[in-house]
Amino acid sequence: MDEKPVIVSEPAPRVRLVTLNRPQVANAMNTAVGEALLAVWTDLANDPSVGAVVVTGKGKAFCAGADLKERDGMSDEAWSAQHLIYEAMARAQLSVPVPIVAAVNGAAMGGGCEIMLACDFAIASGAARFGTPEVRLGIIPGLGGPALLARAVGERRALELLTTGRHVDAQEALQIGLVSRLTAPETLVEEAVQLASLIAANAPLAVRALKRVVRAGATMQLDQAMEMELGEYNRLFTTADRREGVAAFNDKRPARFTGA
């Protein structure tokens with residue numbers, strides 16, 4: 001058994017699969033997981049060969065959140081030092097320039113739900129459950145969860161979920177837009193990899209531009225968002241990949257994009 005807290009593999013060309021690997025504790029986040037994810041996201045952000053990423057959890061859970069057994073009795077100083085690692089981990093994930101797909105196979109609670117929210121979209125099995133129960137512990141989510149949840153499901157519903165701390169099952173997650181689709185547990189990762197492969201097969205510069213435009217544009221005024229969009233469009237139509245895409249369409253063959 002691989003004892004690494006996070007495993008990275010390449011299940012398809014230009015696709016990376018990131019697997020949280022603490023199944024014996026529902027993939028709860030401890031300091032080692034935070035440090036490993038920080039390193040993984042940093043490496044992926046700087047690897048031009050990566051076209052898309054899938055993140056999932058080994059076993060029956062996605063991620064149960066912070067390991068509260070590790071935190072039991074932890075001093076304020078130690079808690080703060082650990083959270084600085086988690087903050088850097090979250091920022092590194094948000095800085096990955098290619099789309100990240102969450103494959104949620106079970107519980108995604110607290111910090112685990114925030115990892116899912118920091119992905120660009122998610123698919124889930126029917127066994128998935130989501131929650132931000134920090135309010136029951138005397139704190140609030142601290143890895144971007146409130147802002148990301150509001151962007152995903154709307155301000156009013158996000159505030160309800162955050163202040164009650166209640167759990168959301170897979171069907172409700174689909175209904176409110178927290179996940180894009182539901183699938184059988186046995187095909188979840190396979191379907192997520194297939195989605196990531198579709199993304200990774202497209203023009204790399206265009207995919208990265210789309211992530212920038214959608215993420216940044218969501219918080220801009222419409223005219224500002226359109227200016228950003230047009231800036232990317234005008235940059236992209238001068239690239240070799242645009243010429244290759246049009247040529248491949250007319251030649252009725254798959255495009256051979258190079259990211260140039």
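On the basis of being outside the structural domain of Lys58 (by TED's automatic domain parsing), buried (at least 16 other Cβ atoms within 10 Å of the Cβ) and not acidic (Asp, Glu), does Ala196 make the cut? Outline the logic, then answer.
Details: outside the structural domain of Lys58 (by TED's automatic domain parsing): no; buried (at least 16 other Cβ atoms within 10 Å of the Cβ): yes; not acidic (Asp, Glu): yes.
Taking the combined requirement at face value, the residue does not satisfy it.
Collect the residues in region 135-160 that are under 20 Å from the mean Cα position of the chain (by Cα), part of a helix (DSSP H, G or I) and under 14 Å from Met109 (Cα atoms), keeping them in residue-number order.
Once the filter is applied, which keeps residues that are under 20 Å from the mean Cα position of the chain (by Cα), part of a helix (DSSP H, G or I) and under 14 Å from Met109 (Cα atoms), region 135-160 yields Gly145, Pro146, Leu149.
Out of Arg181, Arg215, Arg208, I need the residue that is among the basic types (Lys, Arg) and modelled with pLDDT under 95. Which one?
Arg215
Would you be able to tell me the number of residues in region 236-260 that are in a helix (DSSP H, G or I) and farther than 21 Å from Ala200 by Cβ? Show your work before the answer.
Narrowing region 236-260 to residues in a helix (DSSP H, G or I): 236, 240-251.
Next cut, farther than 21 Å from Ala200 by Cβ only: 250-251.
Summing the residues that are in a helix (DSSP H, G or I) and farther than 21 Å from Ala200 by Cβ in region 236-260 gives 2.
Out of the residues in region 113-134 that are in a loop (DSSP other than H, G, I, E, B) and not hydroxyl-bearing (Ser, Thr, Tyr), which is farthest from Leu182 (Cα to Cα)? Give the steps one after another, and end with the answer.
Going through region 113-134, the residues in a loop (DSSP other than H, G, I, E, B) turn out to be 118-120, 126-128, 132.
With the extra rule that they be not hydroxyl-bearing (Ser, Thr, Tyr), the set shrinks to 118-120, 126-128.
Working: Ala118: 19, Cys119: 16, Asp120: 16, Gly126: 6, Ala127: 10, Ala128: 9 Å.
Once the filter is applied, the top-ranked residue is Ala118.
Which of (1) within 24 Å of Arg129 (Cβ to Cβ); (2) in contact (Cβ under 8 Å) with a residue 12 or more places away in the chain does Arg71 not meet, given it meets every other one?
(2) is the only condition that Arg71 fails.
Does region 177-192 include one or more residues that are out of contact with any Ser or Thr (no Cβ under 8 Å at 6 or more places or on another chain), on the phi < 0 side of the Ramachandran plot, part of a helix (DSSP H, G or I) and among the aliphatic types (A, V, I, L, M)?
Keep residues of region 177-192 that are out of contact with any Ser or Thr (no Cβ under 8 Å at 6 or more places or on another chain), which gives 177-181, 186-187, 190.
From the residues that got through so far, the ones that are on the phi < 0 side of the Ramachandran plot too are 178-181, 186-187, 190.
So of that shortlist, the ones also part of a helix (DSSP H, G or I) come out as 186-187, 190.
Filter again for among the aliphatic types (A, V, I, L, M), leaving none.
Looking through region 177-192, none of the residues is out of contact with any Ser or Thr (no Cβ under 8 Å at 6 or more places or on another chain), on the phi < 0 side of the Ramachandran plot, part of a helix (DSSP H, G or I) and among the aliphatic types (A, V, I, L, M).
Can you tell me how many residues in region 24-42 are outside any loop (DSSP other than H, G, I, E, B) and either in contact with a strand residue (DSSP E or B) (Cβ under 7 Å, 6 or more places away or on another chain) or surrounded by 20 or more Cβ atoms within 10 Å (Cβ to Cβ) (or both)? Before the answer, list the steps.
Let us first name the residues in region 24-42 that are outside any loop (DSSP other than H, G, I, E, B), namely 24-25, 29, 31-42.
Restricting the remaining residues to those that are either in contact with a strand residue (DSSP E or B) (Cβ under 7 Å, 6 or more places away or on another chain) or surrounded by 20 or more Cβ atoms within 10 Å (Cβ to Cβ) (or both) gives 29, 33-34, 36-38, 40-41.
Of the residues in that region, 8 qualify.
Within region 222-231, identify whether any single residue is surrounded by 15 or more Cβ atoms within 10 Å (Cβ to Cβ), in a helix (DSSP H, G or I), touching a residue at least 24 places away in the same chain (Cβ under 8 Å) and of a type in the set (D, E, K, R), and answer yes or no. Outline the logic, then answer.
Just the residues of region 222-231 that are surrounded by 15 or more Cβ atoms within 10 Å (Cβ to Cβ), to begin with: 225, 228-229.
In the following step, the residues that additionally are in a helix (DSSP H, G or I) were identified as 225, 228-229.
Restricting the remaining residues to those that are touching a residue at least 24 places away in the same chain (Cβ under 8 Å) gives none.
Checked against the condition, which is being surrounded by 15 or more Cβ atoms within 10 Å (Cβ to Cβ), in a helix (DSSP H, G or I), touching a residue at least 24 places away in the same chain (Cβ under 8 Å) and of a type in the set (D, E, K, R), region 222-231 yields no hits at all.
Can you tell me which of (1) in contact (Cβ under 8 Å) with a residue 24 or more places away in the chain; (2) outside any helix (DSSP H, G or I) is the one Arg208 doesn't meet?
It is condition (2) that Arg208 fails.
Across region 79-132, what is the total count of residues that are of a type outside the set (Gly, Ala, Ser), out of contact with any strand residue (DSSP E or B) (no Cβ under 7 Å at 6 or more places or on another chain) and either surrounded by fewer than 21 Cβ atoms within 10 Å (Cβ to Cβ) or more than 18 Å from Asn30 (Cβ to Cβ) (or both)?
Number of matching residues: 11.
Show the residue pairs meeting these rules: Cβ distance below 8 Å; 6+ apart or different chains; first residue within region 159-182 and touching a residue at least 24 places away in the same chain (Cβ under 8 Å) and small (Gly, Ala, Ser); second residue part of a helix (DSSP H, G or I) and surrounded by fewer than 17 Cβ atoms within 10 Å (Cβ to Cβ).
Matching pairs, first to second residue: Gly165/Val135; Gly165/Arg136.
Is there any pair with a first residue in region 189-203 that is touching a residue at least 24 places away in the same chain (Cβ under 8 Å) and a second that is among the acidic types (Asp, Glu) and surrounded by 17 or more Cβ atoms within 10 Å (Cβ to Cβ) whose Cβ atoms are under 6 Å apart and which are 6 or more apart or on different chains, and what are they?
Short answer, once both residue conditions are applied: Ala203/Asp241.
The values are calculated or read from the model by the stated rules, or taken from the named source; none is laboratory data. This structure is a prediction, so every number in the text was calculated from the model and none was measured. Ideal geometry is used to build each Cβ from the backbone, glycine not excepted, and the neighbour counts take in all protein chains shown.
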